[in-house]
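Quick note: the coordinates plus some simple rules give every number you see, no bench work behind them. The structure presented is a predicted model; accordingly, all values stated were derived computationally and were not measured. Cβ placement follows ideal geometry from the backbone for every residue including glycine, while neighbour counts extend to all protein chains displayed.
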Amino acid sequence: MAKSSTASKSKSSPKKTARQPAAPKTPRPIDFTKEQELKAYRDMLMIRRFEEKAGQLYGMGFIGGFCHLYIGQEAVVTGMQSALIEGDQVITAYRDHGHMLACDMDPKGVMAELTGRQGGYSRGKGGSMHMFSKEKNFYGGHGIVGAQVSLGTGIAFNNNYRENGNVCCTYFGDGASNQGQVYESFNMAKLWSLPVIYIIENNRYAMGTSVTRSSALTDFSRRGCSFNIPGIEVDGMDVRAVQAAGELAADWCRSGKGPIILDMQTYRYRGHSMSDPAKYRTKDEVQKMRAENDPIERVKQRVMQKKWADEDELKAIDKDIRAVVADAAEFAQNDPEPDPAELYTDILLPVAPMTVEA
Amino acid sequence: MATEILMPALSPTMEEGTLSKWLVKEGDDVAAGDVIAEIETDKATMEVEAVDEGKVGRISVAEGTEGVKVNTVIAVLVEEGESADDVAVNTTPADEQLSSSEKTEAPVQEAGSAASAPAAPAAAIADDPDIPSGTEMISTTVREALRDAMAEEMRSDDRVFVMGEEVAEYQGAYKITQGLLDEFGAKRVIDTPITEHGFAGIGVGAAMAGLRPIVEFMTFNFAMQAIDQIVNSAAKTLYMSGGQMGAPMVFRGPNGAAARVGAQHSQCYAAWYGHIPGLKVVAPYGAADAKGLLKAAIRDPNPVIFLENEIMYGQSFDVPKMDDFVLPIGKARIQKEGSDVTLVSFGIGMKYAIEAGAALAELGIDAEIIDLRTIRPLDMETVITSIKKTNRCITIEEGFPQSGIGAEIGMQIMQQAFDYLDAPVLRVTGKDVPMPYAANLEKLALPSVDEVVQAARSVTYK
């Protein structure tokens, strides 16, 4: 055996060194205008305040089950959403409240779903992890780690089939990146040139397991190498960098080049879920990230530096947002639970009557 | 306005905990998100964050206090110019207070009561359409009938496409998709890599976005790789989205034992999928049912599991020559009327039932034979009506006995027609063993006509 392999080695001349697919480079962060900065500030702050309130309602027992907060990662969805056009779709796993708000879903409907009330997006039947809005092209909200990657690839298949020019933003975490179906999907997405942006929200911890303990290859931008899918690393704590990468990725997909991976370097401040005391990392690590890299604080600093708004104006924005979130929380606490008859609705759709022609 | 900080719950089951440490003192300024205290339960320690900015006006529960009930006010934040003295602090849990502004209740532990779940509504299912007299009957194999069903539906609805391993250029591993690539092209007849989990998920995603996929599994044994996408994504999305989106699609392919292919390629999944709300499960026997039901499955706005059988593919049956022959999903068919005992089966199990029916006739036992055709929704009405006439029932299936289709039917008969029974319901099933390879053992593992005959004789006491 050894002999023959030596022989074949000398015979086969093509170089077999693994190389990075011809990837676009990480683009420079966009120079935001005043309007862009203030919009990003508002959108990210909305997510943060919403999540803080959700955490509070969970602590009070209004929200049950699992509740995964997005605090710290706000720049990712906010920047990506700014790069999309009408009709583009979004799908993610269960840390999904931020994605829904970024998709312009009504905070009242989202919060009421968290509390399991009839005014929730799924009429109380989905909960924090399973929420959808057909109107806003938000395809969930999925509780099975990695399943949304195949589903998002299928949504992109639909875009390709209908030639509608849309892309599907498929979000997943560093944890899901080790699921088999992710790579099955990568393969078919590239094979069929599907317009899908794979956004890996690398927040460094899959529940309590750090990427270095879970992943043989921790550079997630290279996870598409075997399928010739390019990937770029992005500062996921800088909304301008995210939007620049999002625009590049959307152009890539829309021009028919197939899928692309964005490795978003981000961080969640809270535990994996509400019941996670987060003992797998130090307080200093969290504190350092908050102090030096907070996505909202970074916008705030730039805005103040350029004198596009002063402290009072930013406080006014915060006040507006608090009012919206307080309204949502009020609604979510007072809205009735679903009617008992809802137990048996939405299981199967009725079938259209048959017509028979001879 | 002052903000009360409440003792939080770390999980829905937590009722009280220890306030182990304060990280701030009265008079300190805090910002939203600052860690102000640590609480502890027997399972975990967790930080309490300030939900708002302000000055710590009062700490109402001292550090080290044990047994602090969830929702007790532990501190009060005040805004500039306010004093904690302006705020009346009530240290009982907030949800026990009945002030007019706080009359909402957290419905935490009520789910368990389930005092009165409403009854499941019954869905009306249409009868088979009449076939006009004089309609020509064409002898057709099950294979051709399935192909024709797909081709007809693909002609009438361009959202319908078929994907799976070897469905296009190879013309189908079992030639069910023969000719479809030529007629519809590679855009709509799609060869996938060998990657069931992945392509099933892609199919579900495409369906959620509005297409009508037909996902072919080379056999349903391989669909176990994809069962998460079928059950957790396809079946449940309509419910979880409050009716906003679902997965209108068909998963089809051969199910059950073929011949001499051993344990991993010989299993009936009717009971597996029959267990899941949100799915429809169809298992036809003859070619006409295969065609009419597959057309219905493709049109159905819900996910349909369509269980075929490799052994049946080459067998011929009469199929009415009609432009659009569609049958209702959810309706059993009486294959043969009889008065002494009811034989209930589906799919290839009908072979045993029909042959046993003939053998029983020679013994003077008049069996009524019911072909379920659909496993979910299960047409128990037809079965119960028959039991009320024959007072006896034998179920026949190739699947394993425990928690099988026969187990379900027997249970439902007991609930709905116990007083009509003159004998216990018996079931003839595959044996409770993995499928062996050796020819003699394989034969023993499968049901047999003789077992059906013996069961029928035993319940008719003949």
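Miscellaneous remarks
- Counting DSSP beta bridges with both ends in the protein assembly as shown, the antiparallel % (nearest 5): 40
- Taking other C-beta atoms within 10 Å as the exposure proxy, A:MET274, A:MET80 rank A:MET274, A:MET80 from fewest upward.
- Chain B - Debye-derived log10 I(q)/I(0), Cα point model, q = 0.05, 0.06, 0.10, 0.12 Å⁻¹: -0.31, -0.43, -0.78, -0.96
- Between B:ALA358 and B:GLU183, the FRET efficiency from the beta-carbon distance, with R0 = 35 Å, is close to 0.30.
- Binning the C-alpha pair distances of the range B:333-460 at 10 Å intervals from 0 yields a P(r) profile of 14, 48, 31, 7, 0 %, listed from the shortest bin outward.
- Cleavage-rule hits, trypsin sites (Lys or Arg not before Pro), the range B:6-69, DSSP coil, Cβ neighbours within 10 Å at most 13: B:LYS25, B:LYS43
- Under 5 Å between amide hydrogens, built in the peptide plane, is the criterion, and for B:GLN335 it picks out B:ILE369, B:ILE370, B:ASP371 among residues at least 5 positions away or on other chains.
- Cα convex hull volume per residue for the protein assembly as shown (Å³): 203
- For B:ARG212, nonlocal amide neighbours, meaning residues 5 or more places apart or on other chains whose placed amide H falls under 5 Å from its own, are B:VAL160, B:PHE161.
- For chain A: Kirkwood Rh in Å [reciprocal of mean 1/r, alpha carbons]: 21.7
- The alpha-carbon positions of the range B:137-320 define a convex hull whose volume is 104 Å³ per residue.
- Radius of gyration, Dmax [the range B:222-361; alpha carbons; angstrom]: 16.5, 53
- The mean sequence distance of close C-alpha pairs (under 8 Å, at least 6 residues apart), as a share of the length of chain A, puts its relative contact order at 24 percent.
- Of all DSSP bridge pairs formed entirely within chain B, close to 50 percent run antiparallel.
- What the Cβ-Cβ distance of B:GLU79 and A:ASP104 gives, at R0 = 45 Å and to the nearest 0.05, is a FRET efficiency of 0.90.
- Counts of other chain beta carbons within 10 angstrom of each beta carbon in peptide B:192-200 average 6.
- Footprinting exposure proxy for B:LEU293, A:LEU314 (fewest neighbouring C-beta atoms within 10 Å first): A:LEU314, B:LEU293
- Shielding by partners, peptide A:179-185 (average Cβ within 10 angstrom, other chains): 6
- For the range B:3-94, the fraction of alpha-carbon pairs in successive 10 Å shells from zero, as %: 18, 53, 26, 3, 0
- Radius of gyration and maximum dimension Dmax of the range A:64-210, Cα, Å: 14.7, 43
- Backbone N within the range B:266-289 under 19 Å of label point (7 Å from B:ILE138 Cα along the Cβ vector): B:286-289
- Considering only beta bridges that DSSP places wholly inside chain A, some 10 percent are antiparallel.
- Helix B:196-208 axis, angle to chain B major axis (alpha carbon atoms, nearest 10°): 80
- Average partner coverage of A:59-72, which counts Cβ from other chains inside 10 Å: 5
- Overall dimensions of the range B:196-285, expressed as equivalent-ellipsoid semi-axes from the Cα gyration tensor (√(5λ), whole Å, largest first), are 25, 13, 11.
- Fluctuation leader among A:GLU201, A:GLU37, A:GLU113 - chain A, Gaussian network, Cα springs under 10 angstrom: A:GLU37
- Annotation: aspartates and glutamates with alpha-carbon distance below 18 angstrom to B:LYS280 (same-chain offsets under eight excluded): A:ASP346, B:ASP127, B:ASP128, B:GLU216, B:ASP228, B:ASP289, B:ASP300, B:GLU308, B:ASP371, B:ASP379, B:GLU381, B:GLU408.
- Distance in nm between pseudo-label sites at A:ARG213 and B:ARG155 (7 Å out along the Cβ direction from Cα): 6.2
- Helix B:349-362 vs. chain B, principal-axis angle (Cα, 0 to 90°, nearest 10): 40
- For the listed peptides B:259-265, B:454-460, A:229-235, a ranking on the average number of other beta carbons within 10 Å per residue, highest first, reads A:229-235, B:454-460, B:259-265.
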